[in-house]
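Note sheet for the following structure.
The values are calculated or read from the model by the stated rules, or taken from the named source; none is laboratory data. For clarity, every value in this text was computed on a predicted model and none was experimentally measured. Quick reminder, even Gly has a Cβ in these numbers, built from the backbone with ideal geometry, and neighbours come from all protein chains shown. What goes into the accessible areas is simple: the full protein's heavy atoms, side chains included, and nothing from ligands, DNA or RNA. Shrake-Rupley method; radii C 1.70, N 1.55, O 1.52, S 1.80 Å.
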Amino acid sequence: MSQQEVRVPVADPKNPYAMPAAMPSSVDRQPRSFDVDDFTVPRPKDPDWRFTPIARMEEFFQVFQASAATTVTVSNIDGTAVDPERVRVGDVEMGAEPTGTVLAPSDRAAVVQWHSARHAVTVAMSGELYQPVLVKIHGNGLDLDAVHLVITAAADTHADIVVEHDGLARLAEGVEISTGRHSQVSTTFIQEWEQGSKHVGNQRIHVGEGASLRHSVVTLGGDVVRIRMDQDFGGEEGDLNMLGIYFVDPGEHIEHRTMVVHNHPACKSRVVYKGALDGKGAHATWVGNALIEPNAPGTDSYELNRNLVLTPGAVADSEPNLEIENGDIVGAGHASSVGRFDDEELFYLQSRGIPEIEARKLVVRGFFGELVEEIGVPAISGHLMKVIDRRLSRGENEAMQHVLEEK
């Protein structure tokens, strides 16, 4: 690969932000390529893999023969058939359009998935959809498999789509999401894998000019789950809202990585991820990257991660990264925290006559409940809270078994 000369513009002394330096971004170090040889096999000391238990997912770093055991079905969320006039479902070979049209793989696991998948399921939405579309991805065993999903929304589309994962699987998954001009779309990805499952995913997201995308990820099960999300904008005034919820049990590793790239003017992004960890060996990782490029004045960006440690022995890694290459912005910031129950909140509730167990219950439900409601899909909100309740009741700490007991 030939090296390009980097020319650093001369700054205008009257406007130091008019010509930002053309330096490579430190938060987007990896190449983007469909060639496996462009990526080395991850090592524990690699910056993008240092929190990941590489030894537990080595099978995802070499191209493999997919088992095709995983089933993918598409329907309305109530189980009825989709309207073919507004939701077109297809099955295409990898490499055929619309696959490969949203960015390119950004790490070794993503490019291996691309070459291992046999075909892709496509869901093309248009117009106004009156109920959410449900994509059901069910694992039927631990034979190594690869799935690819392409979700597109035409200009001016109003739609919700929910992607549910369950069963037992070792799955490499690739997802491409592209939203058209002035569309308003919600995508919700739910992982409820059985114990022993592994899920290594890469999502590549393109938000159209003037479009709004609410992208939610809820991870509530799996031995090892690592999902990386790479995003960019297709024009001015795009609006991205990324929400995440995760619950980690003893011995599980749950990892989410977001990469938001502001590459057009006047776009807005919000990234909010919350997680709870319960039990010895529970390990959560969140890495949030935001890059504001020189050609993106008027950017408004913020990212937040909060972790609630319910019992001793759990570990949460939280790393927000923000790189600003343009001084003409509305705002940019980040925050993260790792902590246990807030003693002041518990004291406040108990001082008003609420028993300790009920007070803990209220704190945990409040921690997750606000974000569940913000996901904005009533058909799944109640289900998610019930799953969270059940997960907490399985905790090692006897007191925690009653935190979210049925009223």
Task: strands (runs of 3 or more DSSP E) enclosed by segment 87-157 - at least 3 residues per element that are touching a Ser or Thr at 6+ places or on another chain (Cβ under 8 Å) and open to solvent by 40 Å² or more (accessible area, probe 1.4 Å) - done: 87-93, 133-140
- [ ] Collect the residues in segment 90-121 that are free of Cβ contacts under 8 Å to residues at least 40 places away in the same chain and of a type in the set (Asp, Glu), keeping them in residue-number order.
- [x] ASP91, GLU93, GLU97
Open item on the list: Could you check segment 175-201 and list, in sequence order, the residues that are open to solvent by 20 Å² or more (accessible area, probe 1.4 Å) and assigned to a loop (DSSP other than H, G, I, E, B)?
Closed with: ARG181, HIS182, GLU194, GLN195, GLY196
Task: segment 221-276, residues that are over 21 Å from LEU322 (Cα atoms) and β-branched (Val, Ile, Thr) - done: VAL224, VAL225, ILE245, VAL248, ILE254
TODO: Could you check, for segment 9-20, whether at least one of its residues is open to solvent by 50 Å² or more (accessible area, probe 1.4 Å), charged (D, E, K, R) and modelled with pLDDT under 95?
DONE: yes
Open item on the list: Can you pull out every residue in segment 309-334 that is within 21 Å of the chain's Cα centre (by Cα) and either of a type in the set (Lys, Arg) or loosely packed, with under 13 Cβ neighbours inside 10 Å (or both)?
Closed with: GLY333
TODO: Can you work out which of the residues in segment 273-286 that are open to solvent by less than 30 Å² (accessible area, probe 1.4 Å), part of a strand (DSSP E or B) and touching a residue at least 60 places away in the same chain (Cβ under 8 Å) is farthest from PRO105 (Cα to Cα)?
DONE: ALA276
Task: Count of residues meeting criterion [open to solvent by less than 70 Å² (accessible area, probe 1.4 Å) and part of a strand (DSSP E or B)] in segment 335-354 - done: 4
